[in-house]
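Here the structure comes first, spelled out in structure tokens, and everything after it is commentary.
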Amino acid sequence: MQATDQPVLRDIVLIGGGHSHVGVLRRFGMHPEPGVRLTVICTTVDTPYSGMLPGYISGHYSFDDCHIDLPKLAAFAGARFYQDEVVGLDTANRKVLCRTRPPVGYDVCSINVGSTPQVARVPGAEAHAVPVKPILNFNGRWLALLERVRQHAGRTTIALVGGGAGGVELTLSMQYRLRAELTALGRNPDELVFHLFTRDTEVMRTHNPWVRQHFTRVLAQRGVHLHTGADVARVDAGSLTTAGGQTVQADEIVWVTQAGGPQWLQGSGLALDDSGFVKVDTHLQSTQPNVFAAGDVAAFGPRPLEKAGVFAVRMGPPLADNLRRAVRGEPLKAYKPQTHWLALISTGDKHAVASRGPLGFAGNWVWRWKDHIDRTFMRRFSTGLADVPMPSGGRKVAAPQLVLTADESQQAISAIAMRCGGCGAKVGATVLQRALGALHPVDRDDVVIGLHSPDDAAVVRVPPGKAMVHTVDFFRAFIDDPYVFGQVAANHALGDIYAMGGEPQTATAIVTVPPGLESKVEELLLHMMSGAMQVLNAANCALVGGHTGEGKELALGFAINGLVDDDLRTVLRKGGLTPGDALILTKPIGTGTLFAAYPRAASLDFFKGRWVAEALAHMVQSNQQGARILLAHGATACTDLTGFGLLGHLVEMTKPSGVDAELVLSALPVLPGAEECVANGISSSLAPANVRLRRALRNQEAFVNHPRYPLLFDPQTAGGLLASVPQAQVEACVAALKAAGYAHTAVIGRVLAQGDAVESVGLVA
């Protein structure tokens, strides 16, 4: 979390993580705008750099070589990163509409989502063709095709639709890589057949004649069947048909043409061109003054621009300047695109062609030149972030230069003034009522008086034959996404109930929000509690009340009531470990070290933002079904992994059970990146206290250098269930857990009879 004494006064929301927006993030990271908060909304955590994608397909670059780590870049910029899909834009109320969360408010918004192949325009293409964008989806199909070609003996026919630079370059790159794969396997590379279709009379019509002729020769030399003047009219399973009636059989059909804007722009109220791209003026400003657009999704009013990465990259600096000027209320500056631009287009192998206006030249040296340019660009967003000079004094730079209303100015002054304690620190009633009014807790018959009943406390019945289980958890935010934080906090609090075999009944919230403009506080509260509500409602747990106050940092917790049979037959306790039982863990470990590293991500060359995304996916996964499966398979003891780490919680189980235990380090499920983080000396602030429990290890001296040893002490947030299961049920139990979505479930050790040693836990490699 980016803690600051400066309240948020204005929000800039960046939709998409394209070439222009990564430039915006870098510039705001270098020169923060006081009082302005950036939020990035993107479906993926790794944004591709188009200039290197053909080289990736060819096998010259790794995935990380050609993708920019958006969460890491956002952290550098002090921006919030929301992994979500935008489905609409409410320009009247200045809201970005998302797939999974409440609308995200903006004062200024920018769109940089690239272009989308319009496969729906051709019958059958949507069902049977693979669009090259979004790149992440295409990458999955490409990796599957690689494997299929490796495994398939005999001919494979691949057809690509689109004769522009992108289609030609992709054709040659795919062919180069696949032929190399077959050659390495000792097979005939001529088993591959490639077809390239273009509606134009020749390929690459936007480039000069020399370039067009050069690539026509290269395609012929490589044995690519080129179909010019061939407008694809229909796509079927395993074939495509042109308007002229030609049908070609193909095992894979790739779509690299007829690009347009995303469908959600149609209802945005923005002026669009015939292809659905956002019309912008010289300032990259749309017909809505507070909405900007850049890159492929922008239709530049003064003159048409090629849908090429070079323009998107060069739009970054003027876009950043104009976003800054827009929130300041200053005049905007014009973007002046170059008349002639340089395109460096590879031929699959380490050979490339340069095209600029009427000029064209080719050679291996052009590839080396292109490679140098591309790698230099990527270093600016990876290792180069650590070397960017920051303003003196860190992020606490000059006072805001924003234009505020009189009411906003008063609220801003109040937000940074000395705050009251006691009940004076509560969030204002109006803000609270609006935020809570948008929440809809699950209805339960046993809740007599709940969240929306104006009374001092909730009234809840305990059903006959049931006993209550009580637990409470509370912690400050560790990510800048309030919706996901709300999900994690609620899921974490529910974990204790599930670990005991209970079913959640009601929840009471304890919330702390930083002071600020009422509109910003309201939205923050709404997003966080909406995330929590999604988890609570899914658990049939009714939110019945709570307390909301002001504090320096965002924090959230819940007091949870659950129900168990009052004869306690279904209650799982820590003290039931039985010698001979297997120890099962349902989720991977490593959240502590990962989120200790995340605030420093920009300065850590080894750190990957996708590690955080994967960790969060596990942290929002409920333990409810896992607990039911463990109970059904005769679990004898259970606990949820939280702050004390794996070893701490295991010791809490062995002591009351009067047993010993053995852990197999190689069997531990571990989150991606966790081993790298601990290897680099990064640990949670609670880890040193947990390390004191090493005295419970019989043979820890032999394993202190094991890469997973530090993770025994790593505190977990919303961790998995640690349970003991009789050996006869282990195989079926693990299978059931994996089938239910706990894909990393593992048998991590066994329960032993208590020995003579004082230490209760032994380690095995």
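Which value in nm describes the separation of the simple spin-label points at residue 453 and residue 758, placed 7 Å from the Cα toward the beta carbon?
With each label placed 7 Å out from Cα toward Cβ, I get 5.5 nm.
For an R0 of 51 angstrom, estimate the FRET efficiency from the Cβ-Cβ distance between residue 328 and residue 468 and round to the nearest 0.05.
According to the calculation, E is roughly 0.40.
In what order do 668, 568, 686 fall by count of nearby beta-carbon atoms within 10 Å, going from fewest to most?
568, 686, 668
Would you please give the FRET efficiency between residue 547 and residue 617, computed as 1/(1 + (r/R0)^6) with r the Cβ-Cβ distance and R0 = 30 Å, to the nearest 0.05?
Computed FRET efficiency for residue 547 and residue 617: 0.50.
Please give me, ordered by residue number, the chymotrypsin sites (Phe, Trp or Tyr not before Pro) of the range 1-89 that lie in loop per DSSP and have at most 13 other Cβ atoms within 10 Å.
Those satisfying the criteria are 63.
Expressed as a whole number of Å, what is the distance separating the alpha-carbon centroids of the range 635-704 and the range 264-328?
Here the two parts' Cα centres lie 52 Å apart.
Among DSSP bridges having both ends in the chain, what percentage is antiparallel? Round to the nearest 5.
About 60 percent, rounded to the nearest 5.
Give the lysines reachable from residue 520 as a straight Cα distance under 22 Å; neighbours fewer than 8 places away on the same chain don't count.
List returned: 95, 396, 426, 552.
Suppose a student asked you for the relative contact order of the range 421-565, using Cα pairs under 8 Å spaced at least 6 residues apart; what percent would you report?
39 percent
If one computes the Cα centroid of the range 535-569 and of the range 149-222, what distance in Å separates the two points?
Each part's Cα centre sits 58 Å from the other's.
For the range 421-565, give me the percentage of DSSP beta bridges that are antiparallel, rounded to the nearest 5 percent.
75 percent
Restricting to DSSP loop positions (anything but H, G, I, E, B) with no more than 13 other Cβ atoms inside 10 Å of their own Cβ, which trypsin sites (Lys or Arg not before Pro) remain in the range 95-158?
Answer in residue order: 99, 155.
With each label point set 7 Å from Cα along the Cα-Cβ vector, what nm distance links residue 206 and residue 282?
2.3 nm
So which lysines pass the test for residue 587, namely a Cα distance under 23 Å, with those fewer than 8 places away in the same chain ruled out?
574, 608, 738
May I ask you to derive the relative contact order of the chain, considering only C-alpha pairs under 8 Å and at least 6 residues apart, and to give it as an integer percent?
13 percent
Each label point is 7 Å from the Cα along the Cα-to-Cβ direction; what then is the distance between the points at residue 732 and residue 187, in nm?
So the two model labels end up 4.2 nm from each other.
For the chain, what number results from the quotient of the Cα radius of gyration and 2.2 N^0.38 Å?
1.06
How much length is gained if the chain between residue 274 and residue 143 is pulled fully straight, taking 0.36 nm per residue apart and subtracting their Cα-Cα distance, in nm to one decimal?
Net length gain for the segment: 43.7 nm.
Just rank 478, 361, fewest to most, by other beta-carbon atoms within 10 angstrom.
If I rank by nearby Cβ atoms, fewest first, I get 361, 478.
What's the angle, to the nearest 10 degrees (0 to 90), between helix 609-619's Cα axis and the longest principal axis of the chain?
40 degrees
Under the definition of Cα pairs under 8 Å and six or more residues apart, what whole-number percent is the relative contact order of the range 136-265?
It comes to 28 percent, rounded to a whole number.
Of 511, 36, 571, how do they rank once you tally other Cβ atoms within 10 Å and put the fewest first?
If I rank by nearby Cβ atoms, fewest first, I get 571, 36, 511.
Give the calculated FRET efficiency between residue 440 and residue 403 to the nearest 0.05, with a Förster radius of 35 Å applied to their Cβ-Cβ distance.
Computed FRET efficiency for residue 440 and residue 403 comes out at 0.40.
For helix 645-657, what angle does its Cα long axis make with the longest principal axis of the chain, in degrees from 0 to 90 and rounded to 10?
Taking the Cα atoms of the chain, the angle to 645-657 is about 30 degrees.
Which of the lysines could a cross-linker span from residue 133 if the Cα-Cα distance has to be under 20 Å and same-chain partners fewer than 8 positions apart are dropped?
By straight Cα distance, residue 133 reaches 307.
Throughout, read-outs are computed from the coordinates displayed, never taken from laboratory work. What you are looking at is a predicted structure, and each value in this text was computed from that prediction instead of being measured. Neighbour counts are summed over all protein chains in view; Cβ atoms, including those assigned to glycine, are modelled from backbone coordinates with ideal geometry.
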